[in-house]
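Since the structure comes first, as structure tokens, the remarks are kept for the end.
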Amino acid sequence: MADRKEGFMDQAAIILVDPQLGENIGAAARVMGNFGLSDLRLVAPRDGWPNPAADTMSAGAIPEGVVRVTVFDTLEAAIADLDYLLATTARPRGMEKPVFDASEGIAALKREGSKPGVLFGAERFGLPNEAVVLADAILTYPVNPGFASLNLGMAVGVFAHAWAADKGVPEAFSGVDEPAPREDLVGMFEHLEDELERAGYFFPPEKKGVMTQNIRNAFTRGRWTSQEVRTFRGVLKALTLGRGKARIRREP
């Protein structure tokens with residue numbers, strides 16, 4: 001289940017200006033919820049609000065309140081409480097404004113605003129210049145110039161992912177366990193070498209030292225965890241017992 005705790009991440013408002021399809025609004029809400037954004041503002045949605053298609057496409061993000069949706073009649077009302085604003089666009093607007101990629105834009109949002117927001121335009125035409133002029137800077141993605149149009153939900157998703165990625169890897173995926181103590185690793189080496197000795201692996205005998213060094217070096221590079229060491233020693237034990245059973249079965 002998704003993490004729905006309050007304050008999961010610092011917030012930035014997502015403002016959809018004149019959105020058309022409820023499905024796209026729902027897709028935007030869903031990906032916002034995925035990456036910890038919850039403030040979705042709609043400016044004059046074409047098909048009104050509430051919109052059942054948006055609820056369905058949001059996969060529960062809207063009906064369950066993971067994302068809070070607020071509707072405004074005008075853009076000015078939607079951004080009235082925000083103190084730093086980015087406008088997303090894939091084409092030059094001829095305006096003297098800073099232009100950021102996603103990582104630069106997120107840094108600016110977190111540096112400049114205590115309550116920032118990002119504007120996204122309608123599916124067919126994007127943001128009008130009247131909206132872009134109200135923004136502090138422009139946010140753009142490195143899309144193919146010959147095919148620059150992004151679906152609205154995808155455009156929000158690119159930003160939402162970058163916003164979350166700025167927080168780093170979630171704690172639940174913070175990495176593997178610490179490497180096993182050297183004592184455990186040496187014990188595994190000795191166990192393996194004893195079994196290899198019994199199996200006649202070290203031949204000719206004078207090369208045993210070099211062969212042992214190569215084996216130990218390979219295992220050491222793997223930085224085995226304690227659990228991995230225990231598992232491998234269990235494998236060795238199972239193989240040893242298996243050989244013993246095989247010998248017993250071969251006896252007349």
Assuming F147 fulfils every condition listed in (1) over 20 Å from the mean Cα position of the chain (by Cα); (2) under 18 Å from M32 (Cβ atoms) apart from one, which condition is it?
(2)
Of G65, G48, G33, the only residue that is surrounded by 22 or more Cβ atoms within 10 Å (Cβ to Cβ) and among the small types (G, A, S) is G33
Restricting to the range 68-109, name every residue that is of a type in the set (K, R) and over 13 Å from D136 (Cβ atoms).
R68, R91, R93
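Only one of these is surrounded by fewer than 22 Cβ atoms within 10 Å (Cβ to Cβ), assigned by TED's automatic domain parsing to the domain that holds I25, of a type in the set (V, I, T) and in contact with a Gly (Cβ under 9 Å, 6 or more places away or on another chain): T88, T70, T74, T56. Name it.
On the way: T88 fails: surrounded by fewer than 22 Cβ atoms within 10 Å (Cβ to Cβ); T70 fails: in contact with a Gly (Cβ under 9 Å, 6 or more places away or on another chain); T74 fails: in contact with a Gly (Cβ under 9 Å, 6 or more places away or on another chain).
From the options T88, T70, T74, T56, the qualifying one is T56.
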Taking the condition assigned by TED's automatic domain parsing to the domain that holds I138, farther than 15 Å from A160 by Cα, assigned to a loop (DSSP other than H, G, I, E, B) and free of Cβ contacts under 8 Å to residues at least 40 places away in the same chain, does P50 pass?
yes
Among the residues of the range 103-124, how many are assigned to a helix (DSSP H, G or I) and surrounded by 20 or more Cβ atoms within 10 Å (Cβ to Cβ)?
3
Any residue at all in the range 78-98 that's at pLDDT 95 or above and assigned to a helix (DSSP H, G or I)?
yes
The range 209-233 residues that are within 18 Å of D194 (Cβ to Cβ), paired with ones that are exposed (fewer than 11 other Cβ atoms within 10 Å of the Cβ) and at pLDDT 90 or above (beta carbon under 8 Å, 6 or more apart)
none
Considering only the range 151-159, I want to know if a residue exists there that is of a type outside the set (V, I, T), under 19 Å from R111 (Cα atoms), touching a residue at least 24 places away in the same chain (Cβ under 8 Å) and touching a helix residue (DSSP H, G or I) at 6+ places or on another chain (Cβ under 7 Å).
yes
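The values are calculated or read from the model by the stated rules, or taken from the named source; none is laboratory data. Because the structure is a prediction, the values reported are computed rather than measured. Here Cβ is always computed from backbone atoms with ideal geometry, including for glycine, and neighbour counts include all displayed protein chains.
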